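The values are calculated or read from the model by the stated rules, or taken from the named source; none is laboratory data. Everything numeric in this text was worked out from a predicted model, so none of it was measured. Backbone-built Cβ (ideal geometry, glycine too); neighbour counts: all protein chains shown.
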Amino acid sequence: MISIKTLQKSFDGRTILGGISLSFEKGKVTTMVGPSGGGKSTLLRCVNGLETFDAGAIDVGGLTLTPGATDRALLRAVRLKAGMVFQHYGLFSHMTALRNVMEAPTHVKKVPVEEAREQALALLERVGLSHRKDAFPRELSGGEQQRVAIARALAMEPEALLLDEPTSALDPERKIEVVTVLRDLAKAGATMVIVTHELAVVRDFADRVVTLRNGAIVDDIHPQK
């Protein structure tokens, strides 16, 4: 599904990613853990085309990113295959939960509005928020906003979900809400790569745990569930 070969990236003379090679299997949940500054989030952003890299290559569902890739059509195609969920949600503040989920399908994929609405309603129900469809982000808790963000990513029907610290900005109760959604997605066979500092919240459904430190892989295990 996703293959990374000898990925290198430096910033101001500091090595962020030091020749990492890694692949993520279809239908599996991989968590990336390790200390802050180890390169986890940067790696995820490179896979999604949000950051360029200095050397190596990334294959996402048959599409290849190379150093300095800026081709808009290629980047758009990569992001359709690998949806991104951010730590701080990234919702449009002037749109309701429903409109947030509908926005990309209608404008990027040109899905008819009524079809996009039905899909968005189904996805909000899937993440337990059908009753909050008309709420604006400011009216939602952090956990609710993150669940809307997950529904928004799913609305583009990606082949994989990339989640960058999806629970780190949440209090314990709200973390449980988001983890429950992620667990359900895992049970349904979703391909996910989750960057987290909190292995305990995903340990029960992770197929693989990769530890990054100082831009290098220092551990790669398949925990017993």
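Just one of 110, 81 is among the charged types (D, E, K, R) and in contact (Cβ under 8 Å) with a residue 60 or more places away in the chain; which is it?
Just one listed residue meets the conditions, 81.
Among residues belonging to region 162-214 that are among the acidic types (Asp, Glu) and within 13 Å of the chain's Cα centre (by Cα), point out the one that is nearest to residue 41 (Cα to Cα).
Ranking the qualifying residues of region 162-214, first place goes to 164.
Identify all residues within region 189-206 that are more than 16 Å from residue 86 (Cα to Cα) and in contact with a helix residue (DSSP H, G or I) (Cβ under 9 Å, 6 or more places away or on another chain); write none if there are none. Spell out how you get there, then give the answer.
Taking region 189-206 as the starting set, the residues that turn out to be more than 16 Å from residue 86 (Cα to Cα) are 189-191, 199-206.
Answer for region 189-206, where residues must be more than 16 Å from residue 86 (Cα to Cα) and in contact with a helix residue (DSSP H, G or I) (Cβ under 9 Å, 6 or more places away or on another chain): 190, 201, 202, 204, 205, 206.
Each row is one residue, and each column tells you yes or no for (1) over 30 Å from residue 174 (Cα atoms); (2) of a type in the set (A, V, I, L, M); (3) at pLDDT 95 or above.
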position: 59; (1), (2), (3): yes, no, yes
position: 68; (1), (2), (3): yes, no, no
position: 82; (1), (2), (3): no, yes, yes
position: 86; (1), (2), (3): no, no, no
position: 95; (1), (2), (3): no, yes, yes
position: 98; (1), (2), (3): no, yes, yes
position: 103; (1), (2), (3): no, no, yes
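Output the strands (runs of 3 or more DSSP E) that fall wholly within region 154-225 and possess 2 or more residues being touching a strand residue (DSSP E or B) at 6+ places or on another chain (Cβ under 7 Å) and surrounded by fewer than 20 Cβ atoms within 10 Å (Cβ to Cβ), or say none.
Ranges flagged: 208-213, 216-221.
Scanning region 56-78 for residues that are over 25 Å from residue 110 (Cβ atoms) and in contact (Cβ under 8 Å) with a residue 40 or more places away in the chain, which turns out surrounded by the most Cβ atoms within 10 Å (Cβ to Cβ)?
58
Would you be able to say whether some residue in region 12-29 is more than 22 Å from residue 203 (Cβ to Cβ), among the acidic types (Asp, Glu) and at pLDDT 95 or above?
No.
Exactly one of these conditions fails for residue 139: (1) exposed (fewer than 15 other Cβ atoms within 10 Å of the Cβ); (2) more than 17 Å from residue 91 (Cα to Cα). Give me its number.
Of (1) exposed (fewer than 15 other Cβ atoms within 10 Å of the Cβ); (2) more than 17 Å from residue 91 (Cα to Cα), only one is false for residue 139: (2).
Determine which member of the set 38, 18 is more than 19 Å from the chain's Cα centre (by Cα) and surrounded by 14 or more Cβ atoms within 10 Å (Cβ to Cβ).
Of 38, 18, the one residue that is more than 19 Å from the chain's Cα centre (by Cα) and surrounded by 14 or more Cβ atoms within 10 Å (Cβ to Cβ) is 18.
Would you call residue 133 crowded, with 16+ Cβ neighbours inside 10 Å, over 30 Å from residue 20 (Cα atoms) and basic (Lys, Arg)?
Yes: the conditions hold for residue 133.
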